[in-house]
Amino acid sequence: MSVLGDGTPPPRSAAADNPDSQEHARNVLQSFHRGLRALRLYPRESTVVNAALVALDQSVAELLQTTERCEIQCVGDYVFVSGTRLRIQLDTYAEISHVSGRFREAGVGGVLVTGRPDPAAWVALLSAFLTPTPGLLAAERRLQIVAQLEGAGVPDFVIEPAVDDLTDRDEGTAQERTRLTFLQSLMATRQLMTDVRMGRTPALRQAKRAVQAVIDQIMIDDNSLIGMTTLRDFDEYTFVHSVNVCILAVALGRRIGLSKLQLLDLGLAALMHDIGKTRVPIDVLNKPGKLTDDEFTVLKGHTWQGVLALFAMSGSTARAWRSMTVAYEHHLRLDLSGYPRTVHARDMSLFSRIVSIVDGFDAATSTRVYQPNPWSAADVIRGMHNNPRLGLDPLLVRVFTGMMGIYPIGTLVRLDSNEIALVVAASEEGKPPARPKIRRLFDARENPVDDATVLDLCEKDASGQHLRTIIRTEEADRFGIRLRDYLT
């Protein structure tokens with residue numbers, strides 16, 4: 001059989017979305033990714049490569065026990081394995097991103113396995129994707145891969161051309177598109193800060209694309225992306241915190257009527273507000289106990305260190321100056337107390353006042369090495385409202401509260417009906433912030449409820465009385481609830 005395919009999408013498997021199909025698809029993708037990495041880093045004869053090839057062969061064999069064909073296809077940022085679109089999660093994003101990138105560079109839309117390849121055949125295929133080809137167009141690169149496989153006498157694969165869109169495909173849920181935006185922003189932030197810490201030229205273009213994607217998603221549905229900021233089961237606090245601050249700052253900026261260009265400036269400044277921490281020793285950043293006075297002085301220096309880092313990477317454009325200002329001012333209060341100490345009287349910039357609010361909110365609600373028991377989002381919102389000593393802009397706090405609600409997304413609440421529910425969206429603009437939209441998780445007897453219906457607590461009965469009212473918040477851990485199961 002020719003290894004040159006026609007790119008026709010396969011029929012979608014009827015069981016494409018069940019857990020077993022997802023597991024088999026994930027195993028094939030991860031094995032393919034491990035094979036690529038092993039061949040790139042180790043000699044062909046190494047035990048690492050041999051183990052990767054055995055795992056790849058086994059994952060394909062297990063998949064073929066449940067479906068008629070094994071095929072890996074990449075369309076845009078999505079990967080399909082035998083018709084099953086892989087869900088984009090934190091633990092699979094790196095593999096999906098790397099494999100789809102290799103396919104895109106090679107002008108390949110998919111690889112169909114037509115036989116039972118032996119290790120030599122897999123090595124030929126994986127090596128073809130790893131062969132550098134400077135100056136070749138993607139379409140030419142694909143033809144070169146086809147020629148390499150034919151020259152090696154490998155008949156086990158059909159190499160399909162790139163597919164431009166998801167026509168006739170499952171395009172993914174809004175939640176998955178939101179998750180993709182969040183994870184792309186996380187990867188861009190990690191790369192940016194790693195580059196700065198290592199003294200390399202930072203990938204600013206990638207960061208700008210990530211912020212633009214955040215803006216686009218906020219314009220479509222801010223609740224879904226804000227919901228991603230409530231997840232607390234990520235390991236890399238500094239990177240996730242920067243992405244969360246970017247999302248919340250853009251959402252707040254949109255609420256006060258900033259233009260798209262202003263939102264881009266604000267989002268970039270928010271994403272890089274803590275970039276000075278790349279110049280703070282890791283043992284100080286990650287110290288589990290209380291910092292000494294000297295260590296705290298070093299930590300506080302991340303504000304002016306951020307200015308130096310941004311000045312070194314960005315030149316003196318207006319956008320860079322705004323980012324420098326936010327990096328310097330985001331721990332100041334309106335009366336200029338806080339840090340760093342100011343010499344002359346000044347007014348904090350609008351962007352700094354926005355970032356100081358969302359930075360404080362996300363920091364207070366996040367688990368960190370020195371903060372194992374963070375504040376609840378509802379308590380932080382209440383404190384921002386009621387404690388003027390925090391030095392936050394009261395007008396912006398009011399707008400932020402309207403955006404997040406008295407009970408922010410991800411808050412578990414008990415209703416006056418004794419039902420347990422999860423807040424999944426803030427109330428609409430102009431409606432009471434204490435009446436968000438919820439999803440019931442447990443009935444009045446605390447039995448689990450399998451109901452994805454979203455209820456609006458602003459709803460009233462015929463007599464004008466609200467159908468349900470929140471009476472208090474609850475701890476998710478007590479009910480064994482993982483927020484990512486409902487918000488991603």
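Any read-out appearing in this document is the output of simple, stated calculations on the displayed coordinates, not a laboratory observation. Here the structure is a predicted model, which means the values were calculated and not measured. Reconstructed Cβ throughout: ideal geometry from the backbone, glycine too, with neighbour counts over all protein chains shown.
A few notes on this one:
- Listed by chain and number, the aspartates and glutamates whose C-alpha is less than 16 Å from the C-alpha of residue 208, apart from same-chain residues fewer than 8 away, are 195, 216, 265.
- Simple spin-label estimate for residue 467 and residue 46 in nanometres, 7 Å along Cα-Cβ: 6.0 nm
- A straight chain from residue 428 to residue 98 at 0.36 nm per residue would run longer than the Cα-Cα distance by 114.9 nm.
- Cβ charges +1 (Lys, Arg) and -1 (Asp, Glu), total dipole of the range 412-487, debye: 140 debye
- Diffusion coefficient, µm² s⁻¹, Stokes-Einstein with Kirkwood Rh over alpha-carbon pairs of the range 229-278 at 4 °C and 1.567 mPa s: 114 µm²/s
- Positive-end ranking of 304, 76, 137 along the dipole of the chain, with charges on Cβ about the Cα centre, is headed by 304.
- Calculated FRET efficiency, residue 367 to residue 150, Cβ-Cβ distance, R0 = 41 Å: about 0.15 to the nearest 0.05.
- Cα-based Kirkwood hydrodynamic radius, the range 412-487, one decimal, Å: 12.8 Å
- For the range 224-291 and the range 37-66, distance of Cα centres in Å: 38 Å
- Evaluated over the chain, the Cα radius of gyration and Dmax, each in Å: 25.5, 80
- A Förster radius of 41 Å combined with the Cβ-Cβ distance from residue 137 to residue 485 puts the calculated FRET efficiency at roughly 0.40.
- Summing Cβ point charges (Lys, Arg +1; Asp, Glu -1) relative to the Cα centre of the range 19-161 gives a dipole of roughly 340 debye.
- Note on residue 58 and residue 347: the extension gain reaches 97.7 nm, defined as 0.36 nm multiplied by sequence separation minus the Cα-Cα distance.
- With eigenvalues of the C-alpha gyration tensor scaled by 5 and rooted, the range 349-435, Å: 23, 18, 10
- Take each peptide in 180-189, 45-54, 411-420, count the other Cβ atoms within 10 Å of every residue, and average; sorted highest first, the result is 180-189, 411-420, 45-54.
- Rg and Dmax, both from the Cα atoms of the range 174-399 and both in Å, are 16.4, 48.
- Using θ = phi - 60° and Karplus 6.51 cos²θ - 1.76 cosθ + 1.60, couplings along the range 71-84 (whole Hz; Gly, Pro as x): 8, 10, 10, 10, 10, x, 9, 9, 10, 10, 10, 6, x, 8
- Here r is the Cβ-Cβ distance between residue 295 and residue 130 and R0 is 60 Å; the resulting FRET efficiency, rounded to 0.05, is 0.85.
- Cβ charges +1 (Lys, Arg) and -1 (Asp, Glu), total dipole of the chain, debye: 1700 debye
- Eligible lysines near residue 437 by straight Cα distance, threshold 20 Å, same-chain separation 8 or greater: 460
- In loop segments of the range 349-396 as defined by DSSP, the chymotrypsin sites (Phe, Trp or Tyr not before Pro) with at most 14 further C-beta atoms inside 10 Å of their C-beta are 370.
- Cα lying deepest toward the dipole's positive end in the chain, options 261, 108, 487, charges on Cβ: 261
- Cα lying deepest toward the dipole's positive end in the chain, options 421, 388, 149, charges on Cβ: 388
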